[in-house]
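The values are calculated or read from the model by the stated rules, or taken from the named source; none is laboratory data. What you see is a predicted model; the values in this text were computed from it and never measured. Glycine also receives a Cβ, built like all others from the backbone with ideal geometry; neighbour counts cover every protein chain displayed. These area figures cover heavy atoms from the full protein model, side chains too; ligands, DNA and RNA do not enter into them. Shrake-Rupley method; radii C 1.70, N 1.55, O 1.52, S 1.80 Å.
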Amino acid sequence: MLGVQLSLLLVLAAAVDFSQAISVFPRNTTVQSAQELLSAYDLLNATVGGRLRSAVPFERPCFSTFEGRRVAVDRDACSTAQASYTDPTYRVKQFGGYMLPQWETCQAQASNGCLLDSDDPSNPLAFQGANCRLGNIPPHYIEVKSVADVQAALLFSKITGVRLSVKNKGHDYKGRSSGKDTLALWTTGLNAISHNAKFKPEGCSTTYDAITVGPGALTQDIYEFADKVNRTVIGGYHQTIGFGGGYFLGGGHSILSPVYGLAVDRVVQVKVVTPDGVYRTANACQNRDLFFALRGGGGSAFGVVIESSHRTEPRITLQAAVLKFTPSGLDDLAEWYSLMVNQSYEWAKAGWGGHIVGPTLVHVNPLLSNADAQKSMQPAVDFVQARGGSVIIEELPSWLAFFNKFVTMAQAAVGPELSLGTRIIQTSIFTSETGRAQLSALIKETLPAASPYIVAGTPFNFKEEPGATSVTPAWRDAVWHLSTKVQFQYNTTLEDRKALYNELETRIQKFRDLTPGSGAYFNEGDVYEPDHEQSYWGPNYPRLLAVKRKYDPEGLLDCWQCVGWKGPSDPLYQCYIKL
């Protein structure tokens, strides 16, 4: 019976009527035999034009054993992987490469992965005599080129019971774009970029100056494209983020957000294949419930995005403040963070946005003159210069000029195994002397373990349309997004990983206790975020859940702590460590 049903994939591919087939076939939850699945994958491959691939860890060439079998070491390919192990522009091109490599492994099982030593990728202890395993990397993936590819995968999943995962660029702190034994949809090839100065969302009358992008378009490429047409796109702080994918779906903060809003505030249309197989256009004039969900509901819970359109700004002149010093000790660093706490409210009001990590500040402002920027930043300048540090406050002609000069050197590292705990810090903390003192004291307490990473990227001055987006309302009355981290090594044991995750939980819980009623950022959240529905979406969650049930009544698309997820005991999450 399974073979007969699967043979319909070919017929349906010709008829392009996948959504009808998806609604007709009952969902199969029975585990298929290896031979049945092999035949099924052969049929699927024919349906998607031969673009079904078998995955292999990109580190595999360094290993002499793969899945318990002897294999040849490819020294040239191994050398390339070692030299490029922490290069985001290399890693993003590898299906088996994730920006945080622990999600390539099955963390819950000992030695189920294929990692190099991120501190020294040539370290032979990581690969000599070790068994490279597929871990949490999906064994098969489709290089998505069309709507029909996504529809075929959904039908395949429903008929065979094989679960799905969706990967774009692999910038994922919670492992939602990988999945042991899943069939993956790799959308990185959907990378078109276009500009329309009078873009009109379908069915609407309002026009926008907008760019339209596929989910696979790299953020840096989008910035360069926008600059060529004298526009500015409000986006993330990394070259290889998939701007039109998970970045905006989860909210999308930017250091320009204090003036121009979050990514979800700026998207005006999304074209998406929903889990029922229908290719839909969502905007303010049609499928409004879906549009609301896609503006912050996060991940692949509501479908697979094919393209999205986003409002732009004219090319903007920026004031950039880049300050750095060497602290004399932790007390000196704590004093610096205290200064940041005490200045950040005024900076937010003035339009500054940026990052603070350890003894470094990188901020931008599109509103002030250079003279006013110097005056605004003077307290920080005095602090840094008193310690012999470096100070740059300069005017730059565009966002791209700033990005190329400063961001590519300071963007988040890829290759190390990092896990974050995060919290949105409300405005009320910064406007209260007691609140500032409590936050400063808590940061000082945290410093021996790690320097908090501060993103001044909340939509502080932006006037949003009430009820239009589904991110937690905590974003709308906050000054900081704060994170703290732990780091694993390639050979960290299961017990030590548990201990580090628990240490992180203890550390970030203190910031939760300081900020009751606030929330966290879905895209950079704690893997084990408690009460995640409240943290990520607050009062929007019931509405999101209703949308999820409408478009995905059988739960074909699921991901860790996404809207409507089935919980940690689901076999889909077998590689997550149970704390």
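Before moving on, here are some points about what is shown:
- Applied to the range 418-426, the Karplus parametrisation 6.51 cos²θ - 1.76 cosθ + 1.60 on θ = phi - 60° returns per-residue 3J(HN,Hα) values of 10, 9, 10, x, 9, 7, 8, 9, 5 Hz, with x for Gly and Pro.
- Three-way shape call for the range 184-268 based on the alpha-carbon gyration tensor, with the a/c threshold at 1.5: rounded
- Computed from the alpha carbon atoms alone, the convex hull of the range 245-333 holds 144 Å³ per residue.
- Net charge contributed by nearby residues that have their C-beta within less than 12 Å of ARG315 (K/R +1, D/E -1): -1
- Under Karplus coefficients 6.51, -1.76 and 1.60, residue-wise ³J(HN,Hα) of the range 35-52 in Hz, glycine/proline x: 5, 4, 5, 4, 5, 5, 5, 4, 5, 5, 4, 5, 5, 9, x, x, 9, 8
- Residues with amide H under 5 Å from that of VAL527, placed H, sequence gap 5 or more: LEU420
- Remark on ARG163: its backbone amide H falls under 5 Å from those of LEU183, a criterion applied only to residues 5 or more positions apart or on other chains, H modelled at 1.01 Å from N.
- Heavy-atom accessible area, probed at 1.4 angstrom with all protein chains present, ranks ASP87, ASP76 as ASP76, ASP87, highest first.
- Label-point separation in nm, ASN491 to CYS204, each point 7 Å along Cα→Cβ: 5.5
- Carbon + sulfur, % of accessible area of the range 495-579 - ligands and nucleic acids excluded, 1.4 Å: 53
- Here LYS145 is the anchor, and the lysines within straight C-alpha reach of less than 17 Å, apart from those fewer than 8 places off in the same chain, are LYS93, LYS167, LYS169, LYS271.
- Under the Debye formula (equal points on every Cα, no solvent term), log10 I(q)/I(0) of the range 442-579 at q = 0.18, 0.22 Å⁻¹: -1.18, -1.42
- Its alpha carbons considered, the chain gives a radius of gyration followed by a Dmax of 23.7, 77 Å.
- Accessible area per residue in Å² at 1.4 Å probe, computed on the chain: 37
- Inter-part distance, the range 360-388 to the range 549-579, computed on C-alpha centroids, equals 45 Å.
- Translational diffusion of the range 95-162, µm² s⁻¹ [Kirkwood Rh, Cα pairs; Stokes-Einstein; 20 °C; 1.002 mPa s]: 150
- Under 9 Å, Cβ to Cβ, from PRO61 - net charge with Lys/Arg +1 and Asp/Glu -1: -1
- Within the accessible area of the range 41-143 (1.4 Å probe), percent carbon and sulfur: 45
- Of the trypsin sites (Lys or Arg not before Pro) found in the range 244-308, no site is in coil according to DSSP while having at most 16 other Cβ atoms within 10 Å of its Cβ.
- Based on DSSP H segments of at least four residues, each scored -39500 (n - 2.57), the chain has a per-residue ellipticity at 222 nm of -9000 deg cm²/dmol.
- Alpha-carbon geometry of the range 415-489: the Rg and the Dmax are 14.6, 44 Å, given in that order.
- A quarter of the convex hull surface defined by the alpha-carbon atoms of the range 319-455 gives 8.8 nm² as the mean projection.
- Over the range 449-518, equivalent-ellipsoid semi-axes from the Cα gyration tensor in Å: 32, 12, 12
- Prolate/oblate/rounded call for the range 80-204, Cα gyration tensor, a/c under 1.5 rounded: oblate
- Nonpolar atom fraction for the range 364-472, defined as the carbon and sulfur part of the 1.4 Å probe accessible area, stands at 52 percent.
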